[in-house]
1. When the residues of region 122-141 are filtered to those that are at pLDDT 65 or above, open to solvent by 40 Å² or more (accessible area, probe 1.4 Å) and not in a helix (DSSP H, G or I), which remaining residue is nearest to ASP46 (Cα to Cα)?
2. Which condition breaks for VAL163 when tested against (1) part of a helix (DSSP H, G or I); (2) open to solvent by 70 Å² or more (accessible area, probe 1.4 Å); (3) not small (Gly, Ala, Ser)?
3. Within region 49-61, is there a residue that is under 15 Å from the mean Cα position of the chain (by Cα), at pLDDT 95 or above and not in a helix (DSSP H, G or I)?
4. When you scan region 142-154, do you find a residue that is touching a Phe, Trp or Tyr at 6+ places or on another chain (Cβ under 6 Å), over 16 Å from PRO45 (Cα atoms) and assigned to a helix (DSSP H, G or I), even just one?
5. Is it true that ILE40 is more than 28 Å from GLU181 (Cα to Cα), open to solvent by less than 10 Å² (accessible area, probe 1.4 Å), outside any loop (DSSP other than H, G, I, E, B) and among the aliphatic types (A, V, I, L, M)?
6. Which of the residues belonging to region 166-177 are part of a loop (DSSP other than H, G, I, E, B) and either open to solvent by 60 Å² or more (accessible area, probe 1.4 Å) or in contact with a Cys (Cβ under 7 Å, 6 or more places away or on another chain) (or both)?
7. Taking region 1-20 as the search range and keeping residues that are open to solvent by 60 Å² or more (accessible area, probe 1.4 Å) and in a loop (DSSP other than H, G, I, E, B), which one is nearest to PRO74 (Cα to Cα)?
8. Could you grab the pairs with beta carbons closer than 6 Å, sequence gap of 6+ or different chains, first residue in region 169-194 and at negative phi and touching a residue at least 24 places away in the same chain (Cβ under 8 Å), second one open to solvent by less than 50 Å² (accessible area, probe 1.4 Å) and of a type outside the set (A, V, I, L, M)?
Amino acid sequence: MKVLCIEDDHEMADLIAEELQDRGVSIQLTHDGQAGLEAIERERPDLVLCDIGLPTLSGFEVLEKVLATLPNPPPFIFLTALTDRESELHGRRLGADDYVTKPIDFDVLYEILRARLGRMRELLPAGNGVELAEREREVLTWSARGKTSSEIALILGLSKRTVDFHIDNARTKLGVATRIEAAIRAASLGLITP
């Protein structure tokens, strides 16, 4: 499971990363709202920790954009020094899954992460034990990038029929009906990087 932390205070970001890595959490850091948004879209983390007062885009703006553009947005938790009731209510109304104020109690934060990530695991196929062959991952990756079977066949030096065969196998393994759903599911499980 991957956690993205968007925090403009480098010392605070390093502290968060150190505390969570010591507890076995894989964490990636970005330091402004725009970079955080791009990392969410590119990396598809399993959970986002986000400050509110950020350069380029505020945490509120990041959350609004994530909810408006991603079909299956990751759980989103604000980590902020804004302790006033209005800010918390605003964050929750926007759709934040939780709101943690600084100074951070890392025991509480870790339990929040465990609860959120634990619920996500329950939503995944049993044991998340989906295994795709290399060719199935390749064709789904190209499919996720908007390529047709004919284009993928040309890129990979295969026949269109072989590409469709691999897509069908991947769909069956992922338990979905369409190639688009297969690409989305494979990306959300970390099996491909579109």
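The values are calculated or read from the model by the stated rules, or taken from the named source; none is laboratory data. Only a predicted model underlies this, so the values are computations on that prediction, with no experimental measurement involved. All Cβ positions, even for glycine, are placed from backbone atoms using ideal geometry, and neighbour counts span all protein chains on display. Note: accessible area is taken over every heavy atom of the protein model, side chains too, but ligands, DNA and RNA are not part of it. Shrake-Rupley method; radii C 1.70, N 1.55, O 1.52, S 1.80 Å.
1. Per the stated criteria, the residue is GLU131.
2. Evaluating VAL163 over (1) part of a helix (DSSP H, G or I); (2) open to solvent by 70 Å² or more (accessible area, probe 1.4 Å); (3) not small (Gly, Ala, Ser) leaves (2) as the failure.
3. Within region 49-61, one or more residues are under 15 Å from the mean Cα position of the chain (by Cα), at pLDDT 95 or above and not in a helix (DSSP H, G or I).
4. Yes, region 142-154 contains a residue that is touching a Phe, Trp or Tyr at 6+ places or on another chain (Cβ under 6 Å), over 16 Å from PRO45 (Cα atoms) and assigned to a helix (DSSP H, G or I).
5. No; evaluated as a whole, the condition is false for this residue.
6. Within region 166-177, GLY175, ALA177 qualify.
7. Taking the candidates together, the pick is MET1.
8. As it stands, the answer is ASN169/GLU136; ALA170/GLU136; ARG179/SER143; ALA183/SER143; ILE192/THR141, since those pairs meet every condition given.
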